[in-house]
Amino acid sequence: MSTTQYLTKDEVGILLTAAAHAPSMHNAQPWRFDIQDSVIDVLRDAERTLPAADPAGRMTCVGLGAAAFNLRVAAALLGHETTLAFEPDPAVPAVAVRVFLAERRVPVPGLSSLYSEVGRRHTYRGPMLDTPVPPEARQRLTAAAQAEGAQLHWLDGHQRTELSRILGIANERDVHDEDRLHERMHWIGGERDGDGVPDTALGPRAEAPAAVRDLGAGFDRADRGSAVFERKPAIAVLTTVAEDSHAWIRAGLALQHVLLTASSYDLGTSFLNQALEYADLRDEVRQLTGHTTWPQLIIRCGYPAHSSDHAPRRPWQATLGEWH
Ligand SMILES: Cc1cc2nc3c(=O)[nH]c(=O)nc-3n(C[C@H](O)[C@H](O)[C@H](O)COP(=O)(O)O)c2cc1C
């Protein structure tokens, strides 16, 4: 590591700590970062992919897009406007996003106001209160997805019922797929230091079929608690018009914009992505949201009934590659 005239070490720490707070499937944190003056590359870390659950690398791209969004938010706090290039260099395919920091000015309104949510947001897998998500918050979350070129579809009662059926099939497959089960056992459960999902972040087991994803299913601790989940979960499907790696990265940016906005309303969020990890089931979800767009994430949203633990992160220094 060397010093640079453009960013101080403290600024690099602020930027990369924010990036690392992004969500990623199984908290694998599939990223590393190279910095050249005012340009930050978000790179895929091939050691941190999930070949069983994510053979195409779609979820990895979503995580990288989310990390890039957090970089933008932290850069905005430091006074930098940002522009992005997706997969800018065919000669270096590991670079998923290149973030260009503009000349320093004053804190960038809008994005910088989300900075306080970066460390607060986390995945909440417990039951929600029955208090509905206010229409204004729904509209703001929808606008957050649109701002990044994605869409958010809120499910009505009929669509929720259909999704429950699809989730039931996915849950059943999940516990019988040995490769996925082994992969989850590698990343999930127990005490965790730096990555993975610890027991304390798994939330309780659902006492009746519910709109949750039980990441511990199939290898669970006997002493884990159980709970009754909300009857009418607020569920939104985040979609993109295209279906390629650029669209997946874009979905990650949109996801993080939505999640940070939700956190600013004190809303908790979790994922029901098991329904999108099997091509035939994903197609059924696609029919639910109108055929024309591609479902990338299924988000459950509400006011948490309890508090829950955060999943750990590696220190930012461990994610920094080259710095010139
Ligand atoms: C693309 C993607 C898919 C995810 N899928 C699920 C999921 O199906 N179920 C779940 O409980 N969490 C899911 N997560 C959440 C991650 O487990 C979570 O982000 C990670 O453990 C880090 O924890 P945090 O979000 O609390 O910071 C997903 C996250 C991403 C980015």
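Which peptide among 305-316, 62-73, 223-234 comes first, and what is the full order, when sorted by highest mean count of other Cβ atoms within 10 Å? List each step's numbers first, then the result.
Numbers: 305-316: 15.5, 62-73: 28.4, 223-234: 14.0.
Top to bottom by mean Cβ count within 10 Å: 62-73, 305-316, 223-234.
Take the alpha-carbon positions of segment 175-292, form their convex hull, and give its projected area averaged over all directions (one quarter of the hull surface) in nm². Walk me through the numbers before you get to the answer.
Working: hull surface 37.1 nm².
Projected area, direction-averaged: 9.3 nm².
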*asked:* I'd like to know which of Thr292, Ala234, Ala170 lies farthest towards the positive end of the charge dipole of segment 135-302, counting +1 on Cβ of Lys and Arg and -1 on Cβ of Asp and Glu.
replied: Ala234
*Only Cα pairs under 8 Å and at least 6 apart count here; give the relative contact order of the chain as a rounded whole percent.*
27 percent
*Relative to the longest principal axis of the C-alpha atoms of the chain, give the angle of the C-alpha long axis of helix 245-264, reported between 0 and 90° and rounded to the nearest 10°.*
80 degrees
*Angle between the Cα long axis of helix 9-20 and the longest principal axis of the chain, 0 to 90 degrees, nearest 10?*
20 degrees
*Could you tell me how many degrees, from 0 to 90 and to the nearest 10, lie between the Cα long axis of helix 157-176 and the main elongation axis, the longest principal axis, of the Cα atoms of the chain?*
80 degrees
*Roughly how many debye, to the nearest 20, is the charge dipole of segment 135-302 about its Cα centre, given +1 on each Lys and Arg Cβ, -1 on each Asp and Glu Cβ, and no other charges?*
580 debye
*Quick one: if the Förster radius is 22 Å, what FRET efficiency do Gln317 and Glu47 give, using the C-beta to C-beta distance and rounding to 0.05?*
0.85
*Hull surface divided by four, with the convex hull built on the Cα atoms of the chain: how many nm²?*
15.6 nm²
*Ignoring ligands, DNA and RNA, what percent of the accessible area of segment 135-302 is carbon or sulfur (1.4 Å)?*
50 percent
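Given Cα pairs under 8 Å that are at least 6 residues apart, what percent is the relative contact order of segment 167-323?
On the way: 197 pairs, mean separation 46.1, N = 157.
After rounding, I find 29 percent.
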_J(HN,Hα) series, segment 33-44, from Karplus relation 6.51 cos²θ - 1.76 cosθ + 1.60, nearest Hz, glycine and proline x_ = 9, 10, 10, 10, 6, 9, 10, 10, 9, 9, 10, 5
*asked:* For Gln296, what residues show an amide H to amide H distance below 5 Å, using hydrogens built from the backbone and excluding near sequence neighbours?
replied: Leu238, Thr239, Thr240
*Tell me which residues come under 5 Å, amide H to amide H, from Glu87 once H is placed; ignore anything under 5 positions away on its chain.*
Val97, Arg98
*Taking the Cα centre of the chain as origin, work out the dipole magnitude from +1 charges on Lys and Arg Cβ and -1 charges on Asp and Glu Cβ, in debye rounded to 20.*
680 debye
*Farthest toward the dipole's positive end in segment 135-302, which of His182, Ala143, Gly268, given Cβ charges of +1 (Lys, Arg) and -1 (Asp, Glu) about the Cα centre?*
Ala143
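The values are calculated or read from the model by the stated rules, or taken from the named source; none is laboratory data. Treat the numbers as computed from the prediction; the structure is a model and nothing was measured. All Cβ positions, glycine included, derive from the backbone under ideal geometry; neighbour counts span all protein chains shown. For accessibility, only protein heavy atoms count, side chains too; no ligands or nucleic acids. Shrake-Rupley method; radii C 1.70, N 1.55, O 1.52, S 1.80 Å.
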